[in-house]
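So the structure is just underneath, and the comments pick up after that.
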Amino acid sequence: MKMLLRSFLVLLALVSFAAAQSNQRPPNFVVIFCDDLGYGDLGSFGNPTIRTPHLDRMAAEGQRWTSFYAADSVCTPSRAALLTGRLPIRTGMFSDTRRVLFPDSAGGLPASEITIAELLKTRGYATAAIGKWHLGFQPEYLPMKQGFDSYYGIPYSNDMDWTGGAMPAAKRRQRMMNPRIEYWNVPLMRNEEILERPADQTTITKRYTDEAIKFINANKSKPFFLYLAHSMPHMPLFRSKEFEGKSARGLYGDVIEELDANVGRLLDTLRQLKLDRDTLVVFTSDNGPWALFDEQGGSAGLLRGAKGGTYEGGMREPTIFWRPGTLKPGVVTDIGSTLDLLPTFCALAGVKAPTDRALDGYDLTPVLHGKGRSPRQTMFYWRGSKLYAVRHGAFKAHFITQAEYGGEAAVTHATPELYNLDHDPSEKWNVAAKHPEVIAEIRRIADEHKKAIPPVENQLDKRITK
Ligand SMILES: [Ca+2]
């Protein structure tokens with residue numbers, strides 16, 4: 001009798017657990033993705049002058065990840081990788097010549113690729129893309145063709161579509177450093193229509209956030225996925241009147257402080273709607289600071305290198321995960337990547353990740369919930385069609401190195417440069433001579449990885465023929 005009762009109670013517990021699982025609303029997801037933000041540009045990541053109280057609070061309440069990587073060192077490949085969980089080399093979103101898409105590009109993220117938005121839609125999520133897209137501008141490549149219910153934003157970089165015709169490089173640079181809205185004829189789009197051209201970039205950070213808050217309010221009673229890809233702090237820098245001359249760090253600091261204030265508005269909205277415990281918010285950037293523009297570019301802090309390159313400063317990003325009540329607050333030094341967002345969101349939403357293709361991401365929920373270490377041990381640093389470097393555990397081997405920009409040729413190293421990133425995050429001390437066995441192991445991992453990648457049609461080199 002006692003046995004029977006026990007079995008009955010166990011069964012009852014199982015049934016109610018299953019019911020709770022299926023009734024439970026899956027969490028909302030918000031990705032706040034900056035453009036060209038450096039590892040050292042936030043207060044909570046060591047910037048001595050830029051004030052970022054809202055992001056610092058987010059970091060204190062959530063997890064501050066110190067070894068979190070964008071999947072590439074430039075915009076288009078990095079964004080394609082975040083949304084698909086796949087390296088650009090697998091999706092065709094890479095190039096050795098034109099490193100990103102331009103307004104005259106004919107290609108884009110292929111329809112056959114499966115984005116986070118498409119996966120979450122199968123579970124009834126409302127989805128919105130707000131901000132910079134940069135994954136194709138022909139009608140068949142716009143966000144609503146990739147699982148987003150709506151789009152609002154500047155579809156490519158805010159320095160494209162130059163006005164004023166041909167001009168000497170020095171004059172272009174002068175315009176970049178002293179920007180006016182009319183120097184760039186960039187469109188602001190709603191869904192598939194152009195709303196405004198040139199877009200008033202001085203209010204762009206605020207207006208993206210207004211749209212984000214509207215979307216959250218409109219979808220507060222069902223699960224949602226918001227991809228908020230800010231155009232700032234990509235050059236040319238713009239901020240609203242309210243933030244002019246406010247930061248001790250100058251124009252760049254004004255821009256970051258405005259981003260911070262707007263992250264605060266978004267988190268406050270979640271708190272007011274009592275959705276903060278149901279929403280996982282991730283803050284990161286697509287690549288490191290654009291070092292070509294002196295003090296108007298950001299800072300990679302203690303990291304070597306910048307946007308466009310495969311030293312740490314090009315791809316390691318200041319990253320914060322936030323979901324009060326669920327995430328175990330703290331600092332995470334394990335390795336993570338934007339490639340991991342797709343598998344992580346799938347796991348949390350109860351959606352099956354695609355199994356008909358190779359994915360390059362891992363489910364990070366054990367780390368988020370304080371229950372385990374990151375499953376990611378390895379990070380691959382591709383530049384166009386070539387694998388330049390590989391991190392495995394604490395060690396990173398550079399097989400090829402090259403300046404971020406300019407005509408300098410790539411250098412292939414017979415013995416790769418080797419750094420211990422735990423001891424030497426600045427990649428100053430080459431320890432290759434001391435660790436031949438580590439080099440052999442990383443070389444084996446690199447060769448195996450390269451062998452498993454089938455050739456794919458390049459999307460970035462195709463241009464519209466007029
Ligand atoms: Ca970028």
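Here are some notes:
- Listed residue pairs exceeding 31 Å between alpha carbons, taken from K132/K246; K328/K396; K328/K451; K145/K462: K328/K451
- Accessible surface of I114, taken over heavy atoms with a 1.4 Å probe and every protein chain present, rounds to 50 Å².
- The lysines whose alpha-carbon is closer than 17 Å to the alpha-carbon of K274, local same-chain residues fewer than 8 away aside, are K214, K220, K222.
- Relative pair counts by distance (%), Cα atoms of the chain, 10 Å bins: 4, 21, 32, 26, 12, 3, 1, 0, 0, 0
- Partners for K434 among aspartates and glutamates (Cα-Cα distance below 14 Å; same-chain residues under 8 apart left out): E417
- Among the trypsin sites (Lys or Arg not before Pro) in the range 233-293, those placed in a DSSP loop whose Cβ has at most 15 other Cβ atoms within 10 Å are K246, K274.
The values are calculated or read from the model by the stated rules, or taken from the named source; none is laboratory data. Note that the structure is predicted; figures quoted are calculated from it, not measured. Cβ atoms come from the backbone with ideal geometry, glycine included; neighbour counts cover every protein chain shown. Remember, those area values only see protein heavy atoms, side chains included, never the ligands or the DNA or RNA. Shrake-Rupley method; radii C 1.70, N 1.55, O 1.52, S 1.80 Å.
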